[in-house]
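Trainee: The structure that follows is given in the form of structure tokens.
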Amino acid sequence: MRFFPKAALAKITVLGIAAFAPSITALAQSSPIITYNSQFHPTLAKTGMVVSQEHFASEAGLEILKAGGNAVDAAVATGFALAVTHPQAGNLGGGGFMMVYLKDQDKTIAIDYREMAPAAAYRDLFIGEDGEVDRRKAMFSLKSSGTPGSVKGLVEALEKYGTLPLAQVMAPAIKLAEEGFPMPWALQDSLKRYGRRLKNNPTSLAYFYKEGGAPYQWGDVFAQPDLAKTLRAIAENGSDGFYKGWVADKIVSTMEAGAGLITLEDLANYKVRYREPIVGTFRDVKIVTMPPPSSGGIHIVQMLNVLEGWDLKELGHNSAQYIHRMSETMKYAYADRSKYLGDPDFFKVPSKALTSKEYGASIRGKINLKKATPSTEISPAASLPEESNDTTHFSVVDRFGNMVANTYTLNFTYGNSISVAGAGFLLNNEMDDFSAKPGTQNAFGLLGGEANAIEAGKRPLSSMTPTLVFKDGKPWFATGSPGGSRIITTVLQVILNVAEFDMNIQAATNFPRFHHQWFPDQIFVETGISIDTRRALAAMGQNIDVKTKDGESKVLGAAMSIMITPDGTLLGAADPRRPGSHAAGY
Ligand code: DON
């Protein structure tokens, strides 16, 4: 029996993700701690490190570490700095998740600062008069914005787990916004690519382009005085500087001018949630990762449970047999995602059942090792075992051994491309992560149903998966990635490349990746998976898609990770798939 109507499944297409893939041959490294004799060397540091997608933001975090701050102080500094220097995904107007490991308490906290649906939102918000989903409204209107969580998330993380005053931690971001910074190549290139969308909104046009709409050139000083004022209001008044007062008024007047839903009450009612992390094991390694409303943590543990029953090393990294078993596993996980995952405050997510070793083994038993099972023949589990119940990622490690993994987003690159006039920041289009109608895909081709239907005050299901990995009881590495639906499989492959294939963290990041998400029934492979391998997979009945757009190879995710070696050396890996990504350490 199929969970979704065939007609809906036939229509599924997926938006692609950006540029550059390395052309390399897969060879496992001999030891995760050896950094020489490897194709890819990580950045080394002795004391503390920040790895993010943008140079100035990593340096902002490093400045705070050097000033005596801990990993949370540095993470908050980097989070606010990315809102200035990486407006594609760094944000004040979005939301995200932060995993914090506190060494002295040997404890991990999962902070959920995901956007919430405004009180006026309802199930059929995006259904047009023809009964179909109005994709434009779901992706690019003011109704696509959920109530932002980033500012409250970062401020509360600092209050609870940081050590320095907010004004000190925000100082680098305020300086970058007030005085400006040389426009990085990656930002000028991205502003050219997304010009059509951003220029549709007069406020975004004024904020991100020169007079008359001319683009900034690489190296031009880019200052953002309105954003600087908003950052100052937050530095002086904490999150009230954003959720109340003149900034809140400006968000609401932007909403009122364009039929948006967010009100002053929605802003005042926004709440950060502290969730119990998802914990799993893969052989002798412990994985501590993000629980719902992220789907990522549950499915990574679910997939590792399936994969643990096979000797993957013997199959060979990125061999056809390896990719086949991984892809079949991914199909089952994404099928379950469509039915069982949503905001746990609104829907009882069967986390324990989905992450149990028994359930993993039952999926493993269904996988044909020689032949692909078409996605149309795979459904979310009818019942589960009984149970007793352009995003951006950065990682930070400090001199105490604390770790932070943070993924936050506006959803699309530049969110819905609409800026808040007078306050200098872009709004998210996270409401598109809800399932607008069962059997209809969202922008990432993901399917969903009741568990992820729109409801007032609910948080849309996410794939963002900030993750911390432990070995022999000690913190080992922090990782995470952007990439929409591909985040989960990107993080899975980084973990396996290290834990199963003994790669150092940079090699684990660089090697080509692949992705299957049940529907569409295709394995997306990056450049670097050989033609022989692709032919062998096709012979097993797998559909292969080497994504390209305008002649460029497309890539899967952009992992930003830090590993701690047994002697305490920090190995930073900034993903070369994103220009400008930077590991800063001391
Ligand atoms: O929360 C999610 O799963 C999506 N809003 C993430 C979007 C994303 O990763 C876009 N980036 N490349």
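The values are calculated or read from the model by the stated rules, or taken from the named source; none is laboratory data. Predicted model, so just to flag it, every value in this text is computed and none were measured. We place every Cβ from the backbone using ideal geometry, glycine too, and count neighbours over all the protein chains shown. With ligands, DNA and RNA removed, areas are computed over all heavy atoms of the protein, side chains included. Shrake-Rupley method; radii C 1.70, N 1.55, O 1.52, S 1.80 Å.
Trainee: So how far apart, in nm, are the two label points at L369 and D124 if each is 7 Å from Cα heading toward Cβ?
Mentor: Going from the L369 label point to the D124 one covers 5.2 nm.
Trainee: While we're looking at this one, here's another question. Taking the Cβ of N305 as the centre, find all other residues whose Cβ is under 10 Å away and add up their charges (Lys, Arg: +1; Asp, Glu: -1).
Mentor: Within the 10 Å Cβ shell, the charges total 0.
Trainee: Another question, then. What is the distance, in nm, between label points placed 7 Å from the Cα along the Cα-to-Cβ direction at K107 and at D532?
Mentor: Computed distance between label sites K107 and D532 equals 5.3 nm.
Trainee: Positive end of the dipole of the chain, charges at C-beta (+1 Lys, Arg; -1 Asp, Glu), about the Cα centre: which of Y194, H299, S145 has its Cα farthest in that direction?
Mentor: The listed residue farthest towards the positive side: H299.
Trainee: Let me ask you something else. Magnitude of the Cβ-charge dipole of segment 400-487, K/R +1 and D/E -1, about the Cα centre, nearest 20 debye?
Mentor: Rounded to the nearest 20 debye, it is 220 debye.
Trainee: Right, next: Please give the charge dipole size of segment 123-193, origin at the Cα centre, charges +1 on K and R Cβ atoms and -1 on D and E Cβ atoms. Round to the nearest 20 debye.
Mentor: In total the dipole reaches around 100 debye.
Trainee: Calculate the FRET efficiency for V221 and W246 from the Cβ-Cβ distance with a Förster distance of 22 Å, rounded to the nearest 0.05.
Mentor: Plugging the Cβ-Cβ distance into 1/(1 + (r/R0)^6) gives 0.25.
Trainee: Which of the residue pairs K152/K199; K152/K244; K229/K271; K339/K370; K175/K229; K103/K357 have a Cα-Cα distance greater than 20 Å in the structure shown?
Mentor: K152/K199; K229/K271; K339/K370; K103/K357
Trainee: Moving to a separate point now. Just add up the charged neighbours of A539: K/R +1, D/E -1, any other residue whose Cβ is under 14 Å from the Cβ of A539.
Mentor: Around A539, the surrounding residues sum to +3.
Trainee: Given labels modelled 7 Å from the Cα in the Cβ direction, how far is it in nm from R232 to E314?
Mentor: 6.7 nm
Trainee: Also: So what is the relative contact order for segment 85-203, in percent, with contacts set as C-alpha pairs under 8 Å and at least six apart?
Mentor: Contact order relative to length: 26 percent.
Trainee: Using the per-residue mean of other Cβ atoms lying within 10 Å as a proxy for protection, in what order, highest first, do the peptides 211-218, 455-462, 145-152 fall?
Mentor: 145-152, 455-462, 211-218
Trainee: Using +1 at the C-beta of Lys and Arg and -1 at the C-beta of Asp and Glu, which of V133, L312, L264 has the Cα lying farthest in the positive direction of the dipole of the chain?
Mentor: Value: L312.
Trainee: Cα centroids of segment 524-538 and segment 407-425: how far apart, whole angstrom?
Mentor: 37 Å
Trainee: Work out, in µm²/s and without decimals, the Stokes-Einstein translational diffusion coefficient of the chain at 37 °C, 0.692 mPa s, Rh from Kirkwood over C-alpha pairs.
Mentor: After rounding, the answer is 140 µm²/s.
Trainee: Quick one: order D104, D240, D521 from most to least accessible surface, probe 1.4 Å.
Mentor: From most exposed to least exposed: D104, D240, D521.
Trainee: Tell me the net charge near Q168. Cut-off is 11 Å between Cβ atoms, Q168 excluded, with +1 for each Lys or Arg and -1 for each Asp or Glu.
Mentor: -2
Trainee: Which one, G365, P165, F208, projects farthest toward the positive side of the charge dipole computed for the chain from Cβ point charges (K/R +1, D/E -1)?
Mentor: Checking the options against the dipole of the chain, the answer is G365.
Trainee: Using a Förster distance of 56 Å, how high is the FRET efficiency between L44 and K192, based on the Cβ-Cβ distance and rounded to 0.05?
Mentor: 0.95
Trainee: Take the alpha carbon gyration tensor of segment 386-490, find the square roots of its eigenvalues, order them as a ≥ b ≥ c, and report rounded if a/c is under 1.5; if not, report prolate when a/b exceeds b/c, else oblate.
Mentor: Because a/c hits 1.5 or more and a/b fails to exceed b/c, segment 386-490 counts as oblate.
Trainee: Place a +1 charge on the Cβ of each Lys and Arg in the chain and a -1 charge on the Cβ of each Asp and Glu, then give the dipole magnitude about the Cα centre in debye, rounded to the nearest 20.
Mentor: Charge dipole of the chain: 980 debye, to the nearest 20.
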